[in-house]
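Peer 1: Here it is: the structure, laid out below.
The values are calculated or read from the model by the stated rules, or taken from the named source; none is laboratory data. Given the structure is predicted, the values throughout are model-derived calculations rather than measurements. All Cβ positions, glycine included, derive from the backbone under ideal geometry; neighbour counts span all protein chains shown. We work out accessible area using only protein heavy atoms, side chains counted, and drop any ligands, DNA or RNA first. Shrake-Rupley method; radii C 1.70, N 1.55, O 1.52, S 1.80 Å.
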Amino acid sequence: MTASRTRTRTRRILSYAGIAAVALYCLAPFYWMTVSAFRRPQDQFDNSIVPVRWSLENFTAVFQGDNGFGRALLNSVVVAGTTTALTLIIGVSTAYALARLRFRFKNALLGLIVATSMFPGISQLVPLLKLFTDIGWINTYQAMIVPSLGFALPLSIWLLTAFFRQLPFELEQAAMVDGCTRGQAFRKIIVPLAAPGVFTTAILTFIAAWNEFLIALSMVNEKDMQTATVAISKFTGVSGFDQPFGTQMAAGVIVTVPLIVVVLVFQRRIVAGLTAGGVK
Amino acid sequence: MTTQDERAAAANAAAAAPRGRRAPGGGKGGGDARGQRRLAALLLSPTLLVLALVIGYPVLAGFRESLYARGEGLDESGFVVEGTRFVGFDNYTAIFSGDPAGAFWNAFGNTTFFTFTTVILETVIGVGMALIMHRAFRGRALVRASILVPWAIPTAISGLLWRWIFQADGAANALLRQQILWTADGWPAKLAVIIAEVWKTSPFIGLLVLAGLQMIPRDVHEAARVDGASAVQRFWSVTLPLVKPALLVAVLFRLLDVLRMFDLPAVLIGVNQDSVETLTMIAWFEASNLRYGSAAAYATVLFVYIALIAYLFVKLLGADIIGEAREETKRAKRQKARRRKAVQA
């Protein structure tokens, strides 16, 4: 009796220790970024776990000088937001067709669309770079948005197809029997039911587009058009040789914290989406 | 414009006709198949158009590009020619055996090395995390939230973060009480990339495996325990086979993602560094130096390499990314057959 009780107790302690280890592993580097951002620039190389003196100097430095960080944030919002919106508009209709309609080669087509998400981004780059140079798209938003669609679409179509499949088909048919056209049935019945799935897909697409680096780095050479991830990696220090880590960590916190808040608030949905799609 | 409208009207009429004929019976499916096909084509065309433009076109144009070279060269009669000229497979032969061969094989080796080490490590760590989380009853939500943090941080930013940690007088060296120049060159640089990559992605594998674990019914484990299987035996012969499908898809995605790695080593160590240069980085470096032909050749080689690995993985291990869709079709077919049989009877 007592033996088994001690055993359950050690097991419980072990599982708590395991949980703590996992949480520590995941959070420690992020904690270090946050703490480094709050150090005074002169304490930058101090390795104490809590800053000697907290300061916001790094955060004010981010928005000062020639970093152009405010503009970069705006660019990121425009690029990621438009990519998400377009992906949803195009993706919802395609996913609806794949989940609901009957036609030949449906699975082959779904497989093909999913397969395109495995395509290496670098293979897009040279041809599109030349094409966009010819039509004068370099340093424009569309030069970043259009290639991103190629990666956002396949995964969101896959997710949305999975979500649409779970919806009760009968409701839509009932509406059609009651005199709705297929289009009306879609708008009035399917869209509201599908809203949670669409929302989840939107979050995942937005995060992926917000994190994009290679395309944004290559399609833009003007500072005014850089997205936040590119801009931060190009921050220059006062001397020009030192990497201004304090400022970069502060900027990193600024671009990451909104995402983390979203992730925490919509945890359940995001996990459902990730596990449904196996999205990177 | 008018012809298009006319065509649309004709299509509507065609679609409406058979529907009208079987209206009173109201049997579902079957009759409006043509209308469905037409609607499907309409709904699918934007996606196919976009994918053709941003994926299909680059594959073909990139291959064509890889057959050309830019800059000065000599033609057959010894004249200097400028501009783009057709060089056949020269870019490829150069990659495999010419001057840049050393750089190519280095990048190829790095890509392969990173792929296998990180995927194996993050699978082992991820499965371990999943088992821990599955065990714990309380605090699971907290851990799940913290697991999403590395995933949500943009890769370029996490590259910077790890560069900061791996500074000569940074946190890693302070923790280890060592003076390792992580970001300079050689094995420390490789190791730094692997550590950063595994940190970012193993929680993700853990999350997917956890989802797989939660779908296993409890009594399967109970039965195994009653039959006298040890914990290790239960893991190997009950848990692992049951989470295998979820795990395989996760590993496939990770595999293809590391093969095209760019952001992390580029920000953490820098481009054009032998120790961490991957195929994507070398292709990007060529393109940014306007050597489009050889950049396209590198990209095409990478594309073929990724396709090959994906094919082998799916063939050998049977990861099925559209398994659910296929199941559904099978089910529908079976139902149809059953219905037909019922009608005949």
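Peer 1: Which residues, counting only those in segment A:1-47, are touching a Gly at 6+ places or on another chain (Cβ under 6 Å) and free of Cβ contacts under 8 Å to residues at least 60 places away in the same chain?
Peer 2: Across segment A:1-47, the qualifying residue is only A:Ile19.
Peer 1: A further question follows. Just to check your reading of the model, which residue among A:Arg9, A:Arg39 is farther than 28 Å from A:Ala231 by Cα, among the basic types (Lys, Arg) and away from every other protein chain (no Cβ under 11 Å)?
Peer 2: A:Arg9
Peer 1: Sticking with this structure for a sec: Where the second residue is in a helix (DSSP H, G or I) and the first is among the hydroxyl-bearing types (Ser, Thr, Tyr) and lies in segment B:142-154, which pairs have Cβ atoms under 7 Å and are six or more apart or on separate chains?
Peer 2: These pairs meet every condition: B:Ser146/A:Ala23; B:Ser146/A:Cys26; B:Ser146/A:Leu27.
Peer 1: Quick check on segment A:24-58: of everything there that is more than 30 Å from B:Phe204 (Cα to Cα) and of a type in the set (A, V, I, L, M, F, W, C), which residue is surrounded by the most Cβ atoms within 10 Å (Cβ to Cβ)?
Peer 2: Applying the filter and picking the extreme gives A:Phe45.
Peer 1: Consider segment A:59-73. How many of its residues are within 24 Å of the chain's Cα centre (by Cα) and open to solvent by 50 Å² or more (accessible area, probe 1.4 Å)?
Peer 2: Residues flagged as within 24 Å of the chain's Cα centre (by Cα) and open to solvent by 50 Å² or more (accessible area, probe 1.4 Å) within segment A:59-73 amount to 2.
Peer 1: Something else: Based on this model, can you work out whether B:Ala296 counts as farther than 30 Å from B:Gln167 by Cα and surrounded by 24 or more Cβ atoms within 10 Å (Cβ to Cβ)?
Peer 2: yes
Peer 1: Please determine whether any residue of segment B:191-203 is part of a helix (DSSP H, G or I), farther than 22 Å from B:Ala152 by Cβ and either without any contact (Cβ under 8 Å) to a residue 24 or more places away in the chain or out of contact with any strand residue (DSSP E or B) (no Cβ under 9 Å at 6 or more places or on another chain) (or both).
Peer 2: Among the residues of segment B:191-203, at least one is part of a helix (DSSP H, G or I), farther than 22 Å from B:Ala152 by Cβ and either without any contact (Cβ under 8 Å) to a residue 24 or more places away in the chain or out of contact with any strand residue (DSSP E or B) (no Cβ under 9 Å at 6 or more places or on another chain) (or both), which makes the answer yes.
Peer 1: So which residues in segment A:100-110 are in a helix (DSSP H, G or I) and either surrounded by fewer than 16 Cβ atoms within 10 Å (Cβ to Cβ) or in contact with a Phe, Trp or Tyr (Cβ under 9 Å, 6 or more places away or on another chain) (or both), if there are any at all?
Peer 2: A:Arg100, A:Asn107, A:Ala108, A:Leu109, A:Leu110
Peer 1: Hey, another quick one. Just checking, how many residues over segment A:130-159 are open to solvent by 20 Å² or more (accessible area, probe 1.4 Å), under 15 Å from B:Tyr57 (Cα atoms) and in contact (Cβ under 8 Å) with a residue 24 or more places away in the chain?
Peer 2: Counting residues in segment A:130-159 that are open to solvent by 20 Å² or more (accessible area, probe 1.4 Å), under 15 Å from B:Tyr57 (Cα atoms) and in contact (Cβ under 8 Å) with a residue 24 or more places away in the chain gives 1.
Peer 1: Within the group A:Thr87, A:Thr10, which residue is closer than 30 Å to A:Leu153 by Cβ and of a type outside the set (Lys, Arg)?
Peer 2: Criteria check complete, one pass: A:Thr87.
Peer 1: So, one more: Take B:Ala250 and decide whether it is in contact (Cβ under 8 Å) with a residue 12 or more places away in the chain, in a helix (DSSP H, G or I), buried (at least 22 other Cβ atoms within 10 Å of the Cβ) and within 14 Å of chain A (Cβ to nearest Cβ).
Peer 2: Answer is yes for this residue.
Peer 1: Let me ask another. Being of a type in the set (Lys, Arg) and more than 30 Å from A:Asp224 (Cα to Cα) is the filter here; which residues of segment A:42-83 pass it?
Peer 2: Residue satisfying the conditions is A:Arg53 alone.
Peer 1: Got a sec? Which of B:Ala297, B:Ala287 is over 22 Å from A:Phe213 (Cβ atoms), modelled with pLDDT of 85 or more and within 10 Å of another protein chain (Cβ to nearest Cβ)?
Peer 2: So the residue among B:Ala297, B:Ala287 that is over 22 Å from A:Phe213 (Cβ atoms), modelled with pLDDT of 85 or more and within 10 Å of another protein chain (Cβ to nearest Cβ) is B:Ala297.
Peer 1: Let me ask something else. In segment B:202-214, is there at least one residue being open to solvent by 30 Å² or more (accessible area, probe 1.4 Å), away from chain A (no Cβ under 11 Å) and within 24 Å of A:Leu274 (Cβ to Cβ)?
Peer 2: No, segment B:202-214 contains no residue that is open to solvent by 30 Å² or more (accessible area, probe 1.4 Å), away from chain A (no Cβ under 11 Å) and within 24 Å of A:Leu274 (Cβ to Cβ).
Peer 1: When residues of segment B:218-242 are filtered for being in a loop (DSSP other than H, G, I, E, B) and surrounded by 12 or more Cβ atoms within 10 Å (Cβ to Cβ), how many remain?
Peer 2: Residues flagged as in a loop (DSSP other than H, G, I, E, B) and surrounded by 12 or more Cβ atoms within 10 Å (Cβ to Cβ) within segment B:218-242 amount to 1.
The rows are residues; the columns are (1) in a loop (DSSP other than H, G, I, E, B); (2) more than 22 Å from the chain's Cα centre (by Cα); (3) over 17 Å from B:Leu51 (Cα atoms); (4) without any contact (Cβ under 8 Å) to a residue 40 or more places away in the chain.
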position: A:Phe163; (1), (2), (3), (4): no, no, yes, no
position: A:Gly179; (1), (2), (3), (4): yes, yes, yes, yes
position: A:Gln184; (1), (2), (3), (4): no, yes, yes, yes
position: A:Pro192; (1), (2), (3), (4): no, yes, yes, yes
position: A:Ala209; (1), (2), (3), (4): no, no, no, no
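Peer 1: Given the conditions (1) assigned to a helix (DSSP H, G or I); (2) buried (at least 21 other Cβ atoms within 10 Å of the Cβ), report the number of the one that B:Phe285 does not fulfil.
Peer 2: Of the numbered conditions (1) assigned to a helix (DSSP H, G or I); (2) buried (at least 21 other Cβ atoms within 10 Å of the Cβ), the odd one out for B:Phe285 is (2).
Peer 1: Suppose we filter segment B:38-66 for residues that are surrounded by 15 or more Cβ atoms within 10 Å (Cβ to Cβ), more than 22 Å from A:Ala97 (Cα to Cα) and more than 8 Å from chain A (Cβ to nearest Cβ); how many remain?
Peer 2: Here the count works out to 2.
Peer 1: Continuing with the same structure: Looking at segment A:74-99 only, could you name the residues that are within 13 Å of chain B (Cβ to nearest Cβ), touching a helix residue (DSSP H, G or I) at 6+ places or on another chain (Cβ under 7 Å) and open to solvent by 20 Å² or more (accessible area, probe 1.4 Å)?
Peer 2: If the condition is that a residue be within 13 Å of chain B (Cβ to nearest Cβ), touching a helix residue (DSSP H, G or I) at 6+ places or on another chain (Cβ under 7 Å) and open to solvent by 20 Å² or more (accessible area, probe 1.4 Å), then A:Leu86, A:Leu88, A:Ile90, A:Val92, A:Ser93 are the ones that fit.
Peer 1: Can you confirm whether A:Gly197 is within 12 Å of another protein chain (Cβ to nearest Cβ) and either surrounded by 15 or more Cβ atoms within 10 Å (Cβ to Cβ) or of a type in the set (Lys, Arg) (or both)?
Peer 2: Answer is no for this residue.
Peer 1: List the number of the failed condition for B:Phe89; all other conditions in (1) open to solvent by 80 Å² or more (accessible area, probe 1.4 Å); (2) modelled with pLDDT of 95 or more hold.
Peer 2: (2)
Peer 1: Inside segment B:178-196, can you point out the residues that are open to solvent by less than 20 Å² (accessible area, probe 1.4 Å), in contact with a Ser or Thr (Cβ under 6 Å, 6 or more places away or on another chain) and modelled with pLDDT under 95?
Peer 2: B:Ala189 - this is the single residue of segment B:178-196 that is open to solvent by less than 20 Å² (accessible area, probe 1.4 Å), in contact with a Ser or Thr (Cβ under 6 Å, 6 or more places away or on another chain) and modelled with pLDDT under 95.
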